[in-house]
1. Considering each of T70, T43 in turn, give the residue that is of a type in the set (S, T, Y), more than 15 Å from the chain's Cα centre (by Cα), under 30 Å from S6 (Cα atoms) and surrounded by fewer than 18 Cβ atoms within 10 Å (Cβ to Cβ).
2. Residues L123, L84: which one is under 18 Å from L14 (Cα atoms) and modelled with pLDDT under 95?
3. Report whether or not A79 is small (G, A, S), closer than 23 Å to L9 by Cβ and surrounded by 14 or more Cβ atoms within 10 Å (Cβ to Cβ).
4. Contact list please: Cβ distance under 9 Å, first residue in segment 1-12 and under 14 Å from I115 (Cβ atoms), second residue at pLDDT below 85 and not polar (S, T, N, Q), pairs at least six apart or on different chains.
5. Is there any pair with a first residue in segment 26-41 that is free of Cβ contacts under 8 Å to residues at least 12 places away in the same chain and a second that is outside any helix (DSSP H, G or I) and surrounded by 15 or more Cβ atoms within 10 Å (Cβ to Cβ) whose Cβ atoms are under 6 Å apart and which are 6 or more apart or on different chains, and what are they?
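The values are calculated or read from the model by the stated rules, or taken from the named source; none is laboratory data. Everything numeric here is computed off the predicted structure, so don't read it as measured data. Using ideal geometry, Cβ is built from the backbone for each residue, glycine included, and neighbour counts are taken over all protein chains shown.
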Amino acid sequence: MNARRSVLLGLVALVGLLMTANAALWLVVPVRAAAALAMPLLTGSALSSQMDIGAFFLAGASFIVMALVTRERPWFIAAAALALAAAAYRTAAYLFHGAPFLADMIGIEVAMGMILIIASRVLGRGA
């Protein structure tokens with residue numbers, strides 16, 4: 001495997017580990033998970049809905065594991081879609097609802113999405 005593919009494989013694995021860590025943090029220490037995303041931990045039924053964020057990260061991590069195991073392009077794209085949709089919704093919150101523009105978080109989500117899209121082309125079957 002050439003160096004470019006090895007680096008890309010490592011980056012995809014890192015993205016998967018970050019998503020897995022976030023999913024676990026929501027289950028074990030939700031107050032820290034919320035703080036990491038610049039939000040307060042909610043209470044009552046709102047906490048139950050807020051915990052869905054952990055499911056988002058778990059799904060993304062699962063898609064990445066499937067991508068790495070099968071090398072099938074759709075799994076890379078599914079994970080990329082989650083990250084890029086998060087960036088789009090954060091941007092919409094800024095543009096339409098008065099939320100602060102969180103460039104660092106949006107940048108991370110876009111970078112993760114782009115890594116996964118590039119990986120789909122370089123590491124995916126038939127690439």
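1. Selected residue: T70, the only one of T70, T43 that is of a type in the set (S, T, Y), more than 15 Å from the chain's Cα centre (by Cα), under 30 Å from S6 (Cα atoms) and surrounded by fewer than 18 Cβ atoms within 10 Å (Cβ to Cβ).
2. L123
3. Yes, satisfied.
4. L9/M1
5. Listed by first residue and then by second, the contacts come to V31/L41.
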